[in-house]
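What follows is one structure encoded as structure tokens, with my remarks underneath.
The values are calculated or read from the model by the stated rules, or taken from the named source; none is laboratory data. Fair warning: this is a prediction, and the values are worked out from it, not measured in the lab. Every residue, glycine among them, receives a Cβ derived from its backbone with ideal geometry; neighbour counts consider all protein chains shown.
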Amino acid sequence: MRAKADIGSAPTRVRMDKWLWAARFYKTRSVAAAAIEAGQARLAAERVKPAQAIKPGDEIVLRRAGLVWNIRVVAITEKRGGAPDAAKLYSEAPESIAARELEAARRKAASMTTPTTDGRPTKRDRRKLQAFLDES
């Protein structure tokens with residue numbers, strides 16, 4: 001006869017891909033696993049496999065869309081919860097937060113200087129442009 005697992009007990013270790021998914025850094029476990037395989041998520045600055053067990057106190061470095069998160073694992077879980085619950089699973093270094101905010105501000109400033117268009121001109125727009133160029 002099999003003994004039932006204690007439902008209230010929290011795991012002491014959990015797979016890295018599962019934790020990244022539960023902490024809401026990635027939308028699915030397969031995307032989290034692919035990021036780990038690509039080296040975008042590292043444990044203690046070392047490349048690991050998605051099945052690597054993590055525990056509270058571990059340091060994780062995440063790279064997503066050119067931004068870097070330096071995270072310390074505070075708690076672990078195998079279940080994905082809401083965003084407020086997910087934020088309690090990790091703490092981020094103040095330097096990491098400042099660097100990400102600085103990069104976001106730099107990107108916003110850069111996007112303000114680039115010209116924006118609505119795509120290809122319409123037939124009417126092309127005729128107006130041609131008429132303007134023919135006036136001279």
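A few comments on the model shown:
Conditions tested, residue by residue: (1) surrounded by 14 or more Cβ atoms within 10 Å (Cβ to Cβ); (2) closer than 29 Å to Ala105 by Cα.
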| site | (1), (2) |
| --- | --- |
| Ala53 | yes, no |
| Ile60 | yes, yes |
| Asn70 | yes, yes |
| Lys79 | no, no |
| Asp85 | yes, yes |
| Lys88 | no, yes |
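- Any hit, region 118-126, residues being of a type in the set (S, T, N, Q) and touching a residue at least 12 places away in the same chain (Cβ under 8 Å): no
- Filtered by the rule that a residue be among the charged types (D, E, K, R) and either surrounded by 13 or more Cβ atoms within 10 Å (Cβ to Cβ) or at pLDDT 95 or above (or both), region 91-100 gives Glu92, Arg100.
- Only listed residue being touching a Ser or Thr at 6+ places or on another chain (Cβ under 9 Å), part of a helix (DSSP H, G or I) and of a type in the set (D, E, K, R), chosen from Asp85, Asp125: Asp85
- Against the numbered list (1) assigned to a loop (DSSP other than H, G, I, E, B); (2) more than 13 Å from the chain's Cα centre (by Cα); (3) surrounded by 14 or more Cβ atoms within 10 Å (Cβ to Cβ), Tyr26 comes up short only at (2).
- The listed residue being among the polar types (S, T, N, Q), part of a helix (DSSP H, G or I) and free of Cβ contacts under 8 Å to residues at least 60 places away in the same chain, out of Ser91, Ser111: Ser111
- If you go through region 62-103 and pick out every residue that is under 12 Å from Met16 (Cβ atoms) and within 15 Å of the chain's Cα centre (by Cα), you end up with 2.
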